[in-house]
Amino acid sequence: MVAARGLTKRFGDFVAVDGIDFEVAPGESFGLLGPNGAGKSTTMRMVGAVSARSGGDLTVLGLDPDDHGPRIRAQLGVVPQEDNLDGELTARGNLVTYGRYFGIPRSVCAQRATELLEFAQLSERADAKVDELSGGMKRRLTIARALVNEPRLLMLDEPTTGLDPQARHILWDRLFRLKEQGTTLVVTTHFMDEAEQLCERLVVVDHGQIMAEGSPAELIRRYSSREVAELRFGTDRNEAAARVLAEVGDRLEILPDRVLVYASDGEAILEQVAARGLRPTTSLVRRSSLEDVFLRLTGRSLIE
Amino acid sequence: MSTTTLPDGAAPEAPVRRLGAWYVAEYRLRAMKAYGWTIVVGGLGSPLLYLLGLGMGLATFIDTPVASGPHGPVDYVVFVAPALLVTAAISVATEEFTYVIMEGFRWRKLFWGVNATPVEPSQLAGGIVIAVLVRMLFTTVAYAVLALAFGALGHPWTVLVLPFVGILGGLAFGLPLMAYSAGLTEDKGQFAIVQRFIFTPMFLFSGTFYPLSTLPGWLHWIGWVSPLWHATQLGRVISYGESEPGWLIAVHVVVLVGLIVGGWLAVRRRFTRRLRA
Ligand SMILES: Nc1ncnc2c1ncn2[C@@H]1O[C@H](COP(=O)(O)OP(=O)(O)O)[C@@H](O)[C@H]1O
Ligand SMILES: [Mg+2]
């Protein structure tokens with residue numbers, strides 16, 4: 001569906017996307033995970049055929065976006081990072097209006113709008129002005145709008161940023177539904193839980209470059225241990241405690257507010273910590289996540 | 001055409017390639033319904049007020065004729081009617097090519113939504129212009145018909161031509177303004193400045209209410225750079241046969257067409273640059 005090789009985007013001297021390679025297969029849900037400014041949105045805009053690349057090769061649905069922009073966009077669904085719904089139209093009005101830009105007859109748009117509002121669980125608010133909808137509803141409506149042209153590829157740029165946990169889960173549920181129906185998804189996110197939930201395969205990006213690629217489970221296996229013990233000793237005592245713990249576990253990460261000890265058995269680590277006479281103010285054992293992968297790869301956390 | 005190289009199932013974008021601008025125009029015209037009332041009241045009310053006020057009121061104080069056609073002096077209202085009609089078209093332009101553009105790029109980001117569809121930036125810009133043309137046509141036709149009713153046209157048949165002169169003036173002012181708006185990333189009150197320091201002086205000093213030649217020479221340049229003056233003079237030539245040398249009529253046409261073409265090229269470039277960064 002998408003093939004990028006050495007894909008590059010420069011804004012003046014600044015390199016926003018620095019020679020990335022990836023492919024997306026039909027029916028797959030593929031993710032770009034990285035912090036703010038990593039170049040995710042810029043990549044999405046190039047794939048979405050609204051921004052010309054500065055270098056490298058790119059084909060989307062078998063076509064070069066430089067030559068076939070309108071033809072590619074006719075078959076994409078795009079959920080941009082920032083909603084750009086028409087707040088003065090109703091939910092239904094937004095879907096119908098948008099469908100027209102694809103050359104879909106108004107009557108077909110109206111019929112699809114009804115189905116898509118159902119899908120987005122917005123049937124009851126179909127005739128409400130968009131300005132009156134909650135953030136989560138707007139986001140679902142944006143997804144419905146992106147489906148109005150029955151796209152072969154759906155691209156979502158940070159689909160749940162800014163939503164409360166409940167709204168996120170409703171939205172994820174809708175995206176699962178699409179995945180089950182075989183829709184190809186490309187998702188960007190800076191939430192590791194979202195990447196774990198939605199992506200079968202992902203690339204970790206930072207500063208416009210790909211740091212690693214694989215399924216969430218593979219990445220965790222490759223770059224982290226099975227479990228992590230999180231220990232808090234108080235801000236000014238983490239460093240000192242970490243020195244005592246140097247030999248414990250597979251690997252240590254010292255963050256400003258806590259020390260992370262990576263190991264296959266987290267409970268055993270807690271025992272060793274106690275055995276060395278350390279008393280963390282709080283401690284917990286959890287499974288490794290993509291957050292730990294990112295920390296390992298870049299030395300930073302995803303959300304600063 | 002490279003249709004043979006398309007992968008299976010690739011949807012044709014042909015209808016959008018041809019009709020993209022019309023889809024945008026359709027959307028804009030529907031959006032105008034939200035302020036349709038203002039359009040109708042403004043479109044009918046302002047000619048009524050001006051033609052009544054200037055034609056019946058002010059004109060009674062003017063003893064010296066300000067203009068004359070081939071058959072002698074014409075009424076004051078006949079002299080001002082073309083200028084007022086062109087001004088009405090330009091007013092539409094100042095409303096539609098400023099805030100609507102800022103809203104689309106920045107405030108409500110609607111253009112970015114359109115941008116993700118097969119519609120190209122130049123089609124988006126074209127669709128907006130088409131919708132404004134429709135609104136201008138409504139306004140200028142209403143003006144011409146009311147002017148006819150008030151006896152403010154030299155020849156009745158010019159009711160069919162003057163609306164298009166108004167549109168020429170409206171676009172000659174409007175398209176460069178649209179290009180300017182498309183380049184703005186922030187609203188720092190620029191549109192109020194355009195209104196106060198460009199539109200208003202132009203309205204007052206373009207030979208609107210008295211011939212440009214009555215002004216001191218050092219103010220004539222305002223008329224010469226003003227699409228309002230050029231379109232108004234064309235309108236006067238058409239309406240009552242104002243005696244204008246042939247070369248000057250050619251200048252009017254060239255300036256208006258030049259501003260329209262140059263403005264449109266700038267609009268296209270700015271829309272494409274901005275949406276395709
Ligand atoms: N139009 C632009 N002009 C200049 N710099 C840009 C532009 N768009 C994005 N950037 C820069 O490129 C970098 C990557 O941005 P972006 O792709 O939005 O990152 P992400 O979506 O991962 O947060 C950022 O540093 C951003 O400031
Ligand atoms: Mg982004």
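Data table
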| item | result |
| --- | --- |
| Failed item in (1) closer than 27 Å to B:THR272 by Cα; (2) of a type outside the set (A, V, I, L, M); (3) within 13 Å of ligand 1 (Cβ to nearest atom), with A:GLY19 passing the rest | (3) |
| Residues of region A:252-287 classified as part of a strand (DSSP E or B), hydrophobic (A, V, I, L, M, F, W, C) and touching a Phe, Trp or Tyr at 6+ places or on another chain (Cβ under 8 Å), total | 2 |
| Count of residues meeting criterion [outside any strand (DSSP E or B) and out of contact with any helix residue (DSSP H, G or I) (no Cβ under 6 Å at 6 or more places or on another chain)] in region A:1-47 | 20 |
| Selection status of A:VAL60, out of contact with any Leu (no Cβ under 7 Å at 6 or more places or on another chain), assigned by TED's automatic domain parsing to the domain that holds A:PHE191 and closer than 26 Å to A:GLN181 by Cα | yes |
| All positions within region B:240-252 that are modelled with pLDDT of 95 or more and in contact with a helix residue (DSSP H, G or I) (Cβ under 7 Å, 6 or more places away or on another chain) | B:ILE249, B:HIS252 |
| Which numbered condition A:ARG45 misses (of (1) modelled with pLDDT under 95; (2) surrounded by 17 or more Cβ atoms within 10 Å (Cβ to Cβ)) | (1) |
| Residues (of a type in the set (Gly, Ala, Ser) and either at the interface with chain A (Cβ under 7 Å from one of its Cβ atoms) or in contact (Cβ under 8 Å) with a residue 60 or more places away in the chain (or both)) located in region B:95-118 | B:GLY113, B:ALA116 |
| Answer from A:GLY6, A:GLY19, A:GLY34 - the residue that is in contact with a strand residue (DSSP E or B) (Cβ under 6 Å, 6 or more places away or on another chain), within 13 Å of ligand 2 (Cβ to nearest atom) and closer than 17 Å to A:ILE210 by Cα | A:GLY34 |
| Among (1) in a helix (DSSP H, G or I); (2) within 12 Å of another protein chain (Cβ to nearest Cβ); (3) at pLDDT below 75 - the single one B:ARG28 does not satisfy | (3) |
| Residue among A:VAL187, A:VAL228, A:VAL261 that is within 16 Å of ligand 1 (Cβ to nearest atom) and of a type outside the set (Phe, Trp, Tyr) | A:VAL187 |
| Strands (runs of 3 or more DSSP E) enclosed by region A:179-244 - at least 2 residues per element that are among the β-branched types (Val, Ile, Thr) and in contact with an Asp or Glu (Cβ under 7 Å, 6 or more places away or on another chain) | A:184-189 |
| Failed criterion for A:GLY182 (all others in (1) over 20 Å from A:SER41 (Cα atoms); (2) touching a residue at least 40 places away in the same chain (Cβ under 8 Å); (3) in contact with a Lys or Arg (Cβ under 6 Å, 6 or more places away or on another chain) hold) | (3) |
| Top-ranked residue in region A:56-69 [being at the interface with chain B (Cβ under 9 Å from one of its Cβ atoms) and surrounded by fewer than 19 Cβ atoms within 10 Å (Cβ to Cβ); ranked as farthest from A:VAL15 (Cα to Cα)] | A:GLY62 |
| Among (1) among the hydrophobic types (A, V, I, L, M, F, W, C); (2) within 21 Å of B:VAL40 (Cβ to Cβ); (3) buried (at least 18 other Cβ atoms within 10 Å of the Cβ) - the single one B:LEU137 does not satisfy | (3) |
| Qualifying positions in region A:22-42 - within 12 Å of ligand 1 (Cβ to nearest atom) and loosely packed, with under 14 Cβ neighbours inside 10 Å | A:ASN36, A:GLY37 |
| Leading residue by the ranking (nearest to B:VAL119 (Cα to Cα)) among those in region A:125-136 that are in a helix (DSSP H, G or I) and within 14 Å of chain B (Cβ to nearest Cβ) | A:VAL130 |
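Residue-by-condition table, conditions (1) without any contact (Cβ under 8 Å) to a residue 40 or more places away in the chain; (2) more than 12 Å from chain B (Cβ to nearest Cβ); (3) of a type outside the set (Phe, Trp, Tyr):
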| position | (1), (2), (3) |
| --- | --- |
| A:ARG5 | no, yes, yes |
| A:VAL24 | no, yes, yes |
| A:PHE30 | no, yes, no |
| A:GLY39 | no, yes, yes |
| A:MET44 | no, no, yes |
| A:VAL47 | no, no, yes |
| A:SER51 | no, no, yes |
| A:LEU76 | no, no, yes |
| A:ASP86 | no, no, yes |
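The values are calculated or read from the model by the stated rules, or taken from the named source; none is laboratory data. Nothing here was measured: the structure is a model prediction, and the numbers come from that model. Cβ: placed from backbone, ideal geometry, glycine included. Neighbour counts: every protein chain shown.
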